[in-house]
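Taking it in order: structure first as structure tokens, then the write-up.
The values are calculated or read from the model by the stated rules, or taken from the named source; none is laboratory data. Given the structure is predicted, the values throughout are model-derived calculations rather than measurements. All Cβ positions, glycine included, derive from the backbone under ideal geometry; neighbour counts span all protein chains shown.
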Amino acid sequence: MFSHAIVLPAPGRDYTALVHRALDGRRERVTDSLAAFATRPEPLAQAAGMIVTTLRSGGRVLVAGNGGSAAEAQHFAGELVGRFLMERRPYAAIALTVDSSILTAVGNDYGFDDVFARQVHALGRPGDVFVAFSTSGKSPNMLRAADAARECSMRTIAITGDLPNPLERLADVTVRCPSTHTPATQELQMMVTHILCEIVEAEMVASDGERQVVS
């Protein structure tokens with residue numbers, strides 16, 4: 001029989017204080033990060049413009065990442081295909097992280113470094129955009145995917161941490177999240193996703209002349 005007993009914190013352990021400490025740390029990080037983003041808005045503006053131009057011309061957005069960045073890639077594609085804040089038509093976005101048969105077949109036959117590049121070659125078309133989420137900007141499979149995007153005459157947007165990295169040298173635009181701490185960078189990646197989706201959606205709805213319904 002399964003027990004449904006409530007597990008209480010260890011005696012004398014103040015978890016509420018730990019929560020407050022974690023919240024205080026994040027409040028400080030978010031405040032500092034927003035201030036840093038405000039001093040360098042150009043990459044975000046360029047990335048948003050690139051995605052809008054691609055979607056308006058009938059192109060697609062391919063998105064990939066590893067680990068937490070894979071989850072963010074799926075989040076990004078989900079907001080574009082579904083909706084962010086407005087009721088509107090779906091936008092063409094494909095997360096390259098979700099097909100287990102493709103990932104395992106390519107990983108087994110070619111190696112994990114090619115799991116995204118192979119998909120970019122298969123699905124990418126001239127004028128499409130590849131969005132690469134990578135906290136380090138060093139993952140071999142992301143570098144190969146960016147190379148593949150260039151070979152397919154696509155443009156690449158890299159969303160990375162705040163250190164110089166090889167991925168940004170392959171990207172047309174790099175949005176550096178102002179943190180070198182991996183968990184903080186992943187939290188900021190979500191913020192970047194929401195900022196880009198908000199701008200892209202508003203611009204697309206305005207140009208399509210659709211009825212705007214805020215959800």
Filter segment 19-65 down to residues that are loosely packed, with under 11 Cβ neighbours inside 10 Å, part of a helix (DSSP H, G or I) and of a type in the set (Gly, Ala, Ser), then give me how many there are. 3
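Restricting segment 154-182 to residues that are in a helix (DSSP H, G or I) and without any contact (Cβ under 8 Å) to a residue 40 or more places away in the chain, which is surrounded by the fewest Cβ atoms within 10 Å (Cβ to Cβ)?
Initial filter on segment 154-182 (in a helix (DSSP H, G or I)): 166-170, 182.
Imposing the further condition that a residue be without any contact (Cβ under 8 Å) to a residue 40 or more places away in the chain reduces the set to 166-170.
Values: Pro166: 18, Leu167: 22, Glu168: 21, Arg169: 12, Leu170: 21.
Among those that are in a helix (DSSP H, G or I) and without any contact (Cβ under 8 Å) to a residue 40 or more places away in the chain, it is Arg169.
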Identify the residue in segment 93-106 that is small (Gly, Ala, Ser) and crowded, with 16+ Cβ neighbours inside 10 Å and, among all such residues, is farthest from Ala202 (Cα to Cα). Ala95
Sole exception among (1) assigned to a helix (DSSP H, G or I); (2) out of contact with any strand residue (DSSP E or B) (no Cβ under 8 Å at 6 or more places or on another chain); (3) surrounded by 15 or more Cβ atoms within 10 Å (Cβ to Cβ) for Gln74, by number: (2)
Do any residues in segment 28-43 that are under 25 Å from Asp172 (Cβ atoms) have Cβ atoms under 8 Å from those of residues that are surrounded by 10 or more Cβ atoms within 10 Å (Cβ to Cβ) and among the hydroxyl-bearing types (Ser, Thr, Tyr), where the two are at least six apart or on different chains, and which pairs are they? Ser33/Ser179; Pro43/Thr174
Residues within segment 89-111 that are hydroxyl-bearing (Ser, Thr, Tyr) and in contact (Cβ under 8 Å) with a residue 40 or more places away in the chain, tallied: 1
With the requirement that a residue be more than 16 Å from Ala64 (Cβ to Cβ) and not hydrophobic (A, V, I, L, M, F, W, C), what does segment 138-164 give you? Ser153, Gly161, Asp162, Pro164
Name the residues in segment 77-86 that are closer than 24 Å to Arg118 by Cα and surrounded by fewer than 19 Cβ atoms within 10 Å (Cβ to Cβ), would you? Gly78, Val81
Scanning segment 183-215 for residues that are among the charged types (D, E, K, R) and at pLDDT 95 or above, which turns out surrounded by the fewest Cβ atoms within 10 Å (Cβ to Cβ)? Glu198
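Starting from residues that are closer than 20 Å to Arg169 by Cβ and of a type outside the set (A, V, I, L, M, F, W, C), keep the ones in segment 121-136 and report whichever is surrounded by the fewest Cβ atoms within 10 Å (Cβ to Cβ). Before the answer, list the steps.
Applying the first criterion (closer than 20 Å to Arg169 by Cβ) to segment 121-136 yields 124, 129-136.
From the residues that got through so far, the ones that are of a type outside the set (A, V, I, L, M, F, W, C) too are 124, 134-136.
Details: Gly124: 24, Ser134: 28, Thr135: 29, Ser136: 17.
Top of the filtered list is Ser136.
When you check Ala132 against the structure, is it under 15 Å from Arg60 (Cα atoms), aliphatic (A, V, I, L, M), over 15 Å from the mean Cα position of the chain (by Cα) and not in a loop (DSSP other than H, G, I, E, B), yes or no? Full working, then the answer.
Numbers: under 15 Å from Arg60 (Cα atoms): yes; aliphatic (A, V, I, L, M): yes; over 15 Å from the mean Cα position of the chain (by Cα): no; not in a loop (DSSP other than H, G, I, E, B): yes.
So Ala132 does not fit the description; no.
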Output the number of the condition that Ala149 fails; it satisfies all remaining conditions of (1) surrounded by fewer than 24 Cβ atoms within 10 Å (Cβ to Cβ); (2) part of a helix (DSSP H, G or I); (3) touching a helix residue (DSSP H, G or I) at 6+ places or on another chain (Cβ under 8 Å). (1)
